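Everything below concerns the one structure shown next.
The values are calculated or read from the model by the stated rules, or taken from the named source; none is laboratory data. Fair warning: this is a prediction, and the values are worked out from it, not measured in the lab. Cβ sites come from the backbone with ideal geometry, for glycine too, and all protein chains shown count toward neighbours.
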Amino acid sequence: MTESLGKIKISPDVICSYVSDTVLGIPGVFGFSGNLGDVITKNILGKENAIRGIKVDFDEEAGWTINLFLIVERGSKIPDVSWNVQKEVTTVLKETTGVKIKEVNIHIQGVHFEDAEEAE
């Protein structure tokens, strides 16, 4: 029998930090894109979202819902990149935090095309 010593609560910022590090290491992902919530938070409340392009919600019974707003590299297969992101984020969060993941939703917001300056 496991003895309960108390509750452990993990901050959404911690979840976002793990998610960000994981996603940026996946081939085909260029970066994150801000979403409408980021714009509203900045313009109305005067605050910047801690990690732009990541929205997390927690439900005591269902677990974490993670919405990622991404920009992919040109030539990437979007379904493959999206599936890899979902798989890796779920695996990393379960292994590092032990949290329950309800879903990881991917919102592709754009495609990054290499700039002429970057090619030189």
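Points worth noting:
- Tallying residues that are closer than 10 Å to ILE51 by Cβ and β-branched (Val, Ile, Thr) within segment 7-22 yields 2.
- Number of residues in segment 75-88 that are free of Cβ contacts under 8 Å to residues at least 40 places away in the same chain, closer than 23 Å to ILE10 by Cβ and of a type outside the set (Lys, Arg): the value is 1.
- Listed by first and then second residue, the pairs with beta-carbon distance under 9 Å, at least 6 apart or on different chains, first residue in segment 98-120 and surrounded by 13 or more Cβ atoms within 10 Å (Cβ to Cβ), second modelled with pLDDT under 90, are HIS107/ASN35; GLN109/GLY34; GLN109/ASN35.
- Positions within segment 61-102 being more than 17 Å from ILE26 (Cα to Cα) and either under 11 Å from the mean Cα position of the chain (by Cα) or in a helix (DSSP H, G or I) (or both), in sequence order: THR65, LYS94, GLU95, THR96, THR97
- Hits in segment 68-84 (condition: more than 16 Å from SER17 (Cβ to Cβ) and crowded, with 16+ Cβ neighbours inside 10 Å): PHE69, LEU70, VAL72, SER76, VAL81, SER82, ASN84
- Condition met for THR91 (in contact (Cβ under 8 Å) with a residue 60 or more places away in the chain, surrounded by fewer than 16 Cβ atoms within 10 Å (Cβ to Cβ) and of a type outside the set (A, V, I, L, M)): no
Every residue, every condition in (1) modelled with pLDDT of 95 or more; (2) closer than 18 Å to ILE10 by Cβ; (3) among the basic types (Lys, Arg), yes or no:
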position: VAL29; (1), (2), (3): yes, no, no
position: LEU36; (1), (2), (3): no, no, no
position: LYS42; (1), (2), (3): no, no, yes
position: LEU45; (1), (2), (3): no, no, no
position: ALA50; (1), (2), (3): no, yes, no
position: LYS55; (1), (2), (3): no, yes, yes
position: GLU60; (1), (2), (3): no, yes, no
position: GLU73; (1), (2), (3): yes, no, no
